[in-house]
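The values are calculated or read from the model by the stated rules, or taken from the named source; none is laboratory data. Note that the structure is a prediction, hence the values are computed from the model and not measured. Every residue, glycine among them, receives a Cβ derived from its backbone with ideal geometry; neighbour counts consider all protein chains shown.
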């Protein structure tokens, strides 16, 4: 059974393998991370851990029984009880409810672990799968997302008030 775990230094090899294996799949719906991301992955991973330690962000990985990463679920720009949620799941588990179940879990742990009362997430207009995930997890559209919010793609911001749902 997959387990949602807080990102740590030991996850680096599995996260890199996840990102490389799914790079083309992700690039179809979100902007590509670029070669520099992969060339300097160790530095970037360390920087994420430093941001997490400072309390600015909280990064999670969904880890399969074999230790492989099935998805990444991130809370970023944590401030005044609000955070933005970003996520991506491996192509081979997409469409099987993994993202929806884990986003719901993030909504349960965000208030308890991080003191959050509101989550926001943006999706590109063409990313219908992500829009469905957010709707099933109780998010509602709240306005347009600028292309700069989504790596050059226009979209929509969604929001969920965590106090309204268990």
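State which residue pairs qualify: first residue farther than 19 Å from residue 56 by Cα and inside the range 98-115, second residue modelled with pLDDT under 95 and assigned to a helix (DSSP H, G or I) in any location, beta carbons under 7 Å apart, and separation of 6 or more residues or different chains.
From residues that are farther than 19 Å from residue 56 by Cα, there are no pairs.
Which of the residues that make up the range 18-43 are over 16 Å from the mean Cα position of the chain (by Cα), surrounded by 13 or more Cβ atoms within 10 Å (Cβ to Cβ) and closer than 28 Å to residue 113 by Cα?
41
I want to confirm something. Restricting to the range 105-144 and keeping residues that are assigned to a strand (DSSP E or B) and out of contact with any helix residue (DSSP H, G or I) (no Cβ under 8 Å at 6 or more places or on another chain), which single residue is surrounded by the most Cβ atoms within 10 Å (Cβ to Cβ)?
120
Can you tell me which of 48, 70 is in contact (Cβ under 8 Å) with a residue 40 or more places away in the chain and surrounded by fewer than 20 Cβ atoms within 10 Å (Cβ to Cβ)?
The match here is 48.
Out of everything in the range 145-161 that is in a strand (DSSP E or B), in contact (Cβ under 8 Å) with a residue 40 or more places away in the chain and within 16 Å of the chain's Cα centre (by Cα), what residue ends up being surrounded by the fewest Cβ atoms within 10 Å (Cβ to Cβ)?
Restricting attention to the range 145-161, the residues satisfying the condition of being in a strand (DSSP E or B) are 145, 155-161.
When the remaining residues are screened for being in contact (Cβ under 8 Å) with a residue 40 or more places away in the chain, the result is 159-161.
From the residues that got through so far, the ones that are within 16 Å of the chain's Cα centre (by Cα) too are 159-160.
Working: 159: 18, 160: 24.
Per the criteria, the residue is 159.
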